[in-house]
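Taking it in order: structure first as structure tokens, then the write-up.
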Amino acid sequence: MPNNISSIASPEIFAASLGRNGAVKCGSPLTESQAVAFRQLGLDVVVCGTNLAANRQLARKIESQANGHVKLCPPHKNAGRYALPHCQPDPRPPAGHTFYETPKRQAF
Amino acid sequence: MKRPSVKRSEPKMRFFTPELYLRFNSEVEDIADRANDDWETALCDYELHLKGLRKAMPASVSALARLDLHDAEWVGMDNGKNDAAWPKQLAIITLLKDNILYSLIYQLVHPVVFSVQKSAWPFSSKSKHWLYDEIDSTPEGYLHRILTSDGRILDIPFRSVNINQVRLPGVAKRNRVRQIA
């Protein structure tokens, strides 16, 4: 079972990659500007923290700065048991997501 | 196939509703927080619902119920609306996700029904894609309900379904396929 890093106190941003069963894996830590650049390139990022509203706000801010109009998508059952909600451009492109943690769903 | 004698009701999602989705997108944090909890409840409720159907489900319907098509690009739907020669019992939905072209081929019990587009839907109707779906049972077979990114719901009452998946070779060829579909 992958390690859970949701004990981080305030929202932090990481490069993200997708694993099995919808798992979002944290890569290198990113500044907000770097995260915006990642998203403009269609790469995935994830916002990690213990406060849902703070995570969501930061994810929305990153996505809107990167790509304008944003929508939030909760995970579908079939995305996998570890899937996270995410922000995405509305409409696409680019590809990719700004994922964010919730009390019940964390990145790895 | 007989035309239904009773007017079909407006399609409605049962678990993953447009209203819940809109609340999930609220910029009022309390509303969005509650919607997050409500979504988790909807996921559990849907899982229980599917568990009740699974024993009697044919393998193809079970496979449909396990497909993750969230964010799949809606390439098109063929149901013979403008084609008198089209078999009335057939509907085909074509989707593109992660370089895989999906064809969902339904043998219908009744015609498919789209909900009326809501004027208050705040999201783009460009680049239509699949949002969420549900499967339910009916006396005549099954019902696939699909919420698309333009806020409309599609009801597909079907007897059986075939799922075809084709991995596409590359982006340039994918654009050619999109034009053909």
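Read the figures in this text as sums done on the coordinates, not as results from a lab. Owing to the predicted nature of the structure, the values given are computational and were not obtained by experimental measurement. Heads up, the Cβs are rebuilt from the backbone with ideal geometry, glycines too, and the neighbour counts pull from every protein chain shown.
Evaluate the Kirkwood expression for the hydrodynamic radius of region B:24-139, namely the inverse of the mean inverse distance over all pairs of different C-alpha atoms, and round to one decimal in Å. Write down the numbers at each step before the final one.
Numbers: mean 1/r = 0.0589 Å⁻¹.
One over the average 1/r among Cα pairs gives 17.0 Å for region B:24-139.
Could you work out the longest stretch of chain B that avoids the trypsin sites (Lys or Arg not before Pro) located in DSSP loops with at most 16 other Cβ atoms within 10 Å?
After excluding every exposed loop site, the longest remaining stretch is B:129-181.
List the pair-distance distribution P(r) of the protein assembly as shown, using every Cα-Cα distance, as the percent of pairs falling in each 10 Å bin from 0 up to the bin containing the longest distance, rounded to whole percents.
Result returned by the calculation: 6, 27, 34, 23, 9, 2, 0.
Helix hunt in chain B: which complete DSSP H runs extend at least 15 Å axially by C-alpha with mean Kyte-Doolittle at least -1.0? Write down the numbers at each step before the final one.
Values: long enough: B:29-54 (37 Å, -0.90).
Both cut-offs are met by B:29-54.
If you take the C-alpha gyration tensor of region B:67-116, multiply each eigenvalue by 5 and take the square root, what semi-axes do you get, largest first, in whole Å?
22, 12, 10
Taking the beta-carbon count within 10 Å as an exposure proxy, list A:100, B:142 from fewest neighbours to most.
Ranking A:100, B:142 by Cβ neighbours within 10 Å, fewest first, gives B:142, A:100.
Could you please rank B:60, B:103, placing first whichever residue has the fewest other Cβ atoms within 10 Å of its Cβ?
The most exposed by this proxy come first: B:60, B:103.
Specify the angular offset, from 0 to 90 degrees and rounded to the nearest 10, of the alpha carbon long axis of helix A:52-67 from the longest principal axis of the alpha carbons in chain A.
The angle comes out near 30 degrees.
Provide B:57, B:13 in ascending order of the number of other Cβ atoms located within 10 Å of each residue's Cβ, fewest first.
In order of increasing Cβ crowding within 10 Å: B:57, B:13.
Could you estimate the translational diffusion coefficient of chain A from the Stokes-Einstein equation, with Rh from the Kirkwood formula over C-alpha pairs, at 4 °C and 1.567 mPa s, in whole µm²/s?
Here the translational diffusion coefficient equals 98 µm²/s.
Could you give me the percent of Cα pairs per 5 Å distance bin for region B:3-77, shortest bin first, beginning at zero and ending with the bin that holds the maximum distance?
3, 12, 14, 17, 19, 18, 11, 4, 2, 0
If you find the alpha carbon centre of region B:37-101 and of region A:20-91, how far apart are they in angstrom?
Result: 26 Å between the Cα centres.
Please list log₁₀ I(q)/I(0) at q = 0.12, 0.14, 0.21, 0.30 Å⁻¹ for region B:109-160, using the Debye equation with identical point scatterers on the alpha-carbon positions.
Result of the Debye calculation: -0.30, -0.39, -0.74, -1.13.
Taking each pair of distinct Cα atoms in region B:87-140 once, what is the resulting Kirkwood hydrodynamic radius in Å?
14.1
Exceeding 22 Å between C-alpha atoms, which entries from my cross-link table qualify? They are A:71/B:128; A:61/B:128; A:71/B:126; A:25/B:128; A:61/B:118.
A:61/B:128; A:25/B:128; A:61/B:118
Nearest 20 debye, what's the magnitude of the dipole of the protein assembly as shown about its Cα centre given +1 on Lys and Arg Cβ and -1 on Asp and Glu Cβ?
1100
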